[in-house]
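Quick notes on the structure that follows.
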Amino acid sequence: MPSQRFSIVVVGDGAVGKSAMTLRFLRDQFHDEYDPTIEDSYCKHVEVDGQEYTLDITDTAGQEEYRGHWNDKFMRAGDGFICVYSIASMGSFQELVGFRNQIWRAKESEEVPIVIAANKSDLEQEREVESATGEEFAKLSNAFYIETSAKTGFNINEMMIELVREIVRSRQREGYADMQDSPYYHEQYGGHGFVEEPQAHLPPTKGYMKNTTPAGPLNNEEVETEESRFCCCSIM
Ligand SMILES: Nc1nc2c(ncn2[C@@H]2O[C@H](COP(=O)(O)OP(=O)(O)O)[C@@H](O)[C@H]2O)c(=O)[nH]1
Ligand SMILES: [Mg+2]
């Protein structure tokens with residue numbers, strides 16, 4: 001099957017680690033310096049569950065101040081979202097409701113592929129947000145919860161794998177709904193009775209990832225060609 005292209009947007013309060021997570025995922029690197037103004041889009045090929053995907057990742061910055069009327073249009077273009085907070089900052093967790101609501105509003109749906117990333121899990125001593133609190137919020141947001149550390153690399157690849165799976169599942173649900181709308185479906189099934197959902201073959205992944213073993217191999221490769229730079233590494 002040809003590679004599918006997904007647009008991923010990383011949002012969250014300033015200094016929670018959005019850029020560090022993006023850099024860890026793209027290059028497996030971590031830097032300590034903090035530049036709150038950097039915002040960029042990157043492109044990377046990954047393989048998840050035997051299928052290739054091209055991910056266009058936008059690492060957002062600086063929208064915190066004018067979020068109210070910021071860029072619903074730009075959010076609408078996202079296929080999946082990583083909502084990041086720091087476990088060492090209750091304030092950054094409280095900010096997530098606003099980001100999530102903005103995503104829901106832009107997408108006109110509460111069933112959006114979202115991963116809630118509780119970052120800086122290496123700072124256990126400074127923890128202000130309990131795992132259960134983050135998990136509960138994820139449940140209320142129809143989202144996947146995962147604890148990560150850009151510093152150590154803990155669960156960064158897994159976070160992206162789960163987001164890709166969420167997007168795939170959501171597409172399959174949409175396809176299934178379209179199928180139910182089609183005259184063919186009614187002819188075939190009479191619009192009732194049990195039909196196996198197309199996503200049933202995917203392993204169940206809803207749940208809590210902290211301290212679990214890696215979700216599986218991720219063959220990823222940052223795309224370096226001129227063409228891809230041109231098409232997906234624009235500065236937003
Ligand atoms: N200890 C720790 N520090 C982190 C982690 N992720 C980011 N940081 C640091 O937090 C600061 C802000 O990170 P940055 O990625 O620039 O935040 P952004 O504003 O959300 O993009 C930087 O000094 C990073 O080095 C992490 O997982 N653990
Ligand atoms: Mg940043």
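Note on the stretch 134-156: residues that are out of contact with any Phe, Trp or Tyr (no Cβ under 7 Å at 6 or more places or on another chain) and in a helix (DSSP H, G or I) total 4. Condition (residue is out of contact with any Leu (no Cβ under 9 Å at 6 or more places or on another chain), farther than 26 Å from THR22 by Cβ, at pLDDT 95 or above and of a type in the set (A, V, I, L, M)) applied to the stretch 126-133: is it met by at least one residue? Yes, there is a match, as at least one residue in the stretch 126-133 is out of contact with any Leu (no Cβ under 9 Å at 6 or more places or on another chain), farther than 26 Å from THR22 by Cβ, at pLDDT 95 or above and of a type in the set (A, V, I, L, M).
Scanning the stretch 1-17 for residues that are closer than 22 Å to HIS31 by Cβ and small (Gly, Ala, Ser) yields a count of 4. Can you confirm whether VAL164 is at pLDDT below 65, at negative phi and either surrounded by 12 or more Cβ atoms within 10 Å (Cβ to Cβ) or in a strand (DSSP E or B) (or both)? No.
The values are calculated or read from the model by the stated rules, or taken from the named source; none is laboratory data. All values reported here derive from a predicted model rather than from experimental measurement. All Cβ positions, glycine included, derive from the backbone under ideal geometry; neighbour counts span all protein chains shown.
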